[in-house]
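Next up is a structure, given as structure tokens.
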């Protein structure tokens, strides 16, 4: 009997480790990237507001991928609510369902809201954060707006905490300003490892520029769509970085795969 | 006096009572009329305004019955089946009874329906309809679908009495609004329509349609003037005499359609009307002695109506998928507002919330004016909904929460704003998935899984441009991968490229052949990954292929 109980308890412990999100108010969703998780004190906080900025113009897709990856970590299989401004879709491309699928999201569990302008996007975000059914909400706004200020970030934080829906505010063509967000990430695309045959897995140069409850840092993070988790890239700085220091002729002769 | 251009001559399109007394007739040339009465005041006929006005009147008539149809372009048709008994007894609440008081207060108002200067008249229903029809009043055809032999004789008598007082009441309400109207009640729409025009005030007892329309002139049949002429030449002056002829004879001479129309007018064939708004599955309404104006009151009443509608729906085991609230203003204007839900519902709080969202988002806000005296809530479309206890299944609760979220957003921003993805059976990248309104889409078990190969880097970009953007590309060989490309005025140095992935357009769908696309996945010196394609196979389809950026990978 005791052994059975013991085995059961062990199983429960294992399940608990496996499902770290299942209990408690301040749940943390580990990202899977050890140094980043250490800085975050175990993982990214659920039921809070996180900001993701594109490091510079042209890196919107990388920031989008990173925001999606964060959302997938916190949503844990629950539905995802993606709010995007029409203009962002024109400028940086629309969210593609096949693209979501390639990154490990289930498009059937994604709701897309097309907002005509920032006001509508924010109102929809307010509605979304009041809905317990959602796992995470991504609010994508384009450019600067007077509405996106400190008091808005406070409101979003409170709303996120009330129903423990995690909000990820993806901002493109914008510069960081004061906000009440739990974390702020500045994301750039990162070249694929040099000698990788299967190149093109999403690798981000992510800088944790703000962390209300811990240290900041900068890491190269790779998203593993199959496990639905981040990981450290095997080849960190190395040869790949040298590629763009070389003269153009060498770069043109770089590795290609046809077919 | 209204004129319109008919066959390049100015002719009288409508004459009022005064003019008719002086011998002016419809269709008379304006020059002839001027010769008779040099001081004639004429206005141009405005068909669109007439149609609009008739639409407003039809909206107003919805307070008597939800089934209102336009009868030609100058009359109205109401299905008042089961309505008349409300008017029979002086003790019962008569719909619209109290509104007469508010209207009477305005009767002294010189602007109401007295002259043609309709533009200055303050209410929606003030253009004088009595001028519009050559015969004067607006024909109002009412029908009740009640077959003979349903009831005993005394019940039938009572029913006829009720119908008479209803007709009287409706006509009085019209005249209070400044309109002249004349009506008739019959068992079929065609008969009612003919009687309203040629024998106003008639109320046909069940089974007597044929007898009632028999003495009417053939003009009462809504047929081509040529056929009417033909009938008259054949010596058939009344509908009765036409009906006495053999069916075969008539069909041979005037066509099958004419015989059908005759049968409908005689009450021998079914004659459904096509109402302006669909017949609701069920509806509840509230009438107020004191018109209500404030938003709070409206919200409260909508909640109460939703609650009583929910009770009715519960007994039927259904829930509403689409609801319409009709607001009848005391001055005759009607506004109809609709909401839809993703799942059948009878939750009053939820319905009230959705109406709140919808009302808050109206571009043209609900104007209560002098107040609303009738508010009606109808379940336009319903679906099965079986009552069950609150589920412990968290998935089920989640689904309900999300459906409610979808409904709220759709009510507020429109249903095309909140979308869900669906895979399509095509390999054209921009058509491979489609985002459909989430309220309508069924979350079927679709084959999303199959598209992804585990362990592989993404083959499709996360962000896809709706319209591929033109790029300038330098390649080593014309059919090789790009070496450099210029897109949005920036040069990108390609460090890696993979491709081509050849995607041919679907020749069976398009008429002219679209060129085949060769897609390349490329990475630039900053690590950004793009999806480019060359439009057309070099040397086979084109010698100067264009390049496009179609998407950007994460």
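Taking only region B:411-457 into account, find how many residues are under 19 Å from residue B:322 (Cα atoms) and at pLDDT 80 or above.
At the first step, the residues of region B:411-457 found to be under 19 Å from residue B:322 (Cα atoms) are B:411-419, B:436-442.
Cutting the leftovers down to at pLDDT 80 or above gives us B:411-419, B:436-440.
Final tally of qualifying residues: 14.
Now for a separate question. Being at the interface with another protein chain (Cβ under 9 Å from one of its Cβ atoms) and in contact with a helix residue (DSSP H, G or I) (Cβ under 7 Å, 6 or more places away or on another chain) is the filter; apply it to region A:118-129 and report the residue that is surrounded by the fewest Cβ atoms within 10 Å (Cβ to Cβ). Please lay out each step first, then the result.
As a first pass, look at region A:118-129 and keep what is at the interface with another protein chain (Cβ under 9 Å from one of its Cβ atoms): A:120, A:123-124, A:127-128.
Filter once more, so that each one left must be in contact with a helix residue (DSSP H, G or I) (Cβ under 7 Å, 6 or more places away or on another chain): A:120, A:124, A:127-128.
Numbers: A:120: 20, A:124: 25, A:127: 23, A:128: 28.
My answer is A:120.
All but one of (1) out of contact with any helix residue (DSSP H, G or I) (no Cβ under 8 Å at 6 or more places or on another chain); (2) farther than 18 Å from residue A:140 by Cβ hold for residue A:186, so report the exception by its number.
Looking at each condition in turn, residue A:186 falls short on (2).
Just to be sure, is residue A:56 more than 13 Å from the chain's Cα centre (by Cα), within 11 Å of another protein chain (Cβ to nearest Cβ), under 27 Å from residue B:432 (Cα atoms) and in contact (Cβ under 8 Å) with a residue 40 or more places away in the chain?
Values: more than 13 Å from the chain's Cα centre (by Cα): yes; within 11 Å of another protein chain (Cβ to nearest Cβ): yes; under 27 Å from residue B:432 (Cα atoms): no; in contact (Cβ under 8 Å) with a residue 40 or more places away in the chain: yes.
It is false that residue A:56 is more than 13 Å from the chain's Cα centre (by Cα), within 11 Å of another protein chain (Cβ to nearest Cβ), under 27 Å from residue B:432 (Cα atoms) and in contact (Cβ under 8 Å) with a residue 40 or more places away in the chain.
Condition test on residue A:96, is it at the interface with another protein chain (Cβ under 7 Å from one of its Cβ atoms) and at negative phi?
Numbers: at the interface with another protein chain (Cβ under 7 Å from one of its Cβ atoms): yes; at negative phi: yes.
Criteria met by residue A:96.
What do you reckon, is residue A:153 over 19 Å from the mean Cα position of the chain (by Cα) and closer than 22 Å to residue A:178 by Cα?
Details: over 19 Å from the mean Cα position of the chain (by Cα): no; closer than 22 Å to residue A:178 by Cα: yes.
No; evaluated as a whole, the condition is false for this residue.
Going through region B:463-482 one residue at a time, which ones are within 8 Å of chain A (Cβ to nearest Cβ), within 19 Å of residue B:518 (Cβ to Cβ) and either without any contact (Cβ under 8 Å) to a residue 12 or more places away in the chain or under 50 Å from the mean Cα position of the chain (by Cα) (or both)? Before the answer, list the steps.
The initial filter retains those residues of region B:463-482 that are within 8 Å of chain A (Cβ to nearest Cβ), namely B:463-466, B:476, B:481.
Add one more test, that the residue is within 19 Å of residue B:518 (Cβ to Cβ), and what stays is B:464-465, B:476, B:481.
Scanning region B:463-482 gives B:464, B:465, B:476.
Test of understanding: among B:460, B:517, B:496, B:502, which residue is closer than 30 Å to residue A:195 by Cα, away from every other protein chain (no Cβ under 14 Å) and at pLDDT below 95? If you could, list the steps in order and put the result at the bottom.
Values: B:460 fails: away from every other protein chain (no Cβ under 14 Å); B:496 fails: away from every other protein chain (no Cβ under 14 Å); B:502 fails: away from every other protein chain (no Cβ under 14 Å).
Being closer than 30 Å to residue A:195 by Cα, away from every other protein chain (no Cβ under 14 Å) and at pLDDT below 95 holds for just one of B:460, B:517, B:496, B:502, which is B:517.
Mind checking which residues of region B:215-240 are closer than 28 Å to residue B:169 by Cβ and part of a loop (DSSP other than H, G, I, E, B)? Don't jump to the end; show me each part of the working.
Step one: filter region B:215-240 for residues closer than 28 Å to residue B:169 by Cβ, giving B:215-216, B:220, B:222.
Correct list: B:215, B:216, B:222.
Across region A:169-183, what is the total count of residues that are in contact with a helix residue (DSSP H, G or I) (Cβ under 6 Å, 6 or more places away or on another chain) and either closer than 30 Å to residue B:495 by Cβ or surrounded by fewer than 23 Cβ atoms within 10 Å (Cβ to Cβ) (or both)?
Here is the first cut: in region A:169-183, the ones in contact with a helix residue (DSSP H, G or I) (Cβ under 6 Å, 6 or more places away or on another chain) are A:170, A:172, A:178-181.
If we keep only those that are either closer than 30 Å to residue B:495 by Cβ or surrounded by fewer than 23 Cβ atoms within 10 Å (Cβ to Cβ) (or both) as well, we get A:170, A:172, A:178-180.
Going through region A:169-183 one residue at a time, the tally reaches 5.
Condition test on residue B:351, is it in a strand (DSSP E or B), away from chain A (no Cβ under 14 Å) and touching a strand residue (DSSP E or B) at 6+ places or on another chain (Cβ under 9 Å)? It would help to see each step written out before you state the result.
Working: in a strand (DSSP E or B): no; away from chain A (no Cβ under 14 Å): yes; touching a strand residue (DSSP E or B) at 6+ places or on another chain (Cβ under 9 Å): yes.
Spelling it out, it is not the case that residue B:351 is in a strand (DSSP E or B), away from chain A (no Cβ under 14 Å) and touching a strand residue (DSSP E or B) at 6+ places or on another chain (Cβ under 9 Å).
With respect to residue B:225, determine if the residue is closer than 23 Å to residue B:192 by Cβ and in contact with a strand residue (DSSP E or B) (Cβ under 7 Å, 6 or more places away or on another chain). So that I can check it myself, show each step before the final result.
Working: closer than 23 Å to residue B:192 by Cβ: yes; in contact with a strand residue (DSSP E or B) (Cβ under 7 Å, 6 or more places away or on another chain): no.
No.
Filter region A:101-117 down to the residues that are more than 7 Å from chain B (Cβ to nearest Cβ) and farther than 14 Å from residue A:168 by Cβ and list them by number.
To start, the set of residues in region A:101-117 that are more than 7 Å from chain B (Cβ to nearest Cβ) comprises A:104-105, A:109, A:115-117.
Hits for region A:101-117 are A:104, A:109, A:115, A:116, A:117.
Something else: Taking residue B:397 as meeting all but one of (1) modelled with pLDDT of 85 or more; (2) at the interface with chain A (Cβ under 8 Å from one of its Cβ atoms); (3) assigned to a helix (DSSP H, G or I), write down the number of the exception.
Every condition holds for residue B:397 apart from (1).
Among the numbered criteria (1) crowded, with 18+ Cβ neighbours inside 10 Å; (2) at pLDDT below 85, which single criterion is violated by residue B:196?
Here residue B:196 clears every test but (2).
Same structure again: Return a yes/no flag: does region A:234-247 have any residue that is more than 9 Å from chain B (Cβ to nearest Cβ) and at pLDDT 85 or above. Let's see the steps before the verdict.
Of all residues in region A:234-247, those more than 9 Å from chain B (Cβ to nearest Cβ) come to A:234-239, A:241-242, A:245-247.
Narrowing further to those that are at pLDDT 85 or above: none.
No - not one qualifying residue is present in region A:234-247.
The values are calculated or read from the model by the stated rules, or taken from the named source; none is laboratory data. Because the structure is predicted, anything quoted here is derived from the model rather than measured. Glycine gets a Cβ as well: all are built from the backbone with ideal geometry, and neighbour counts include every protein chain shown.
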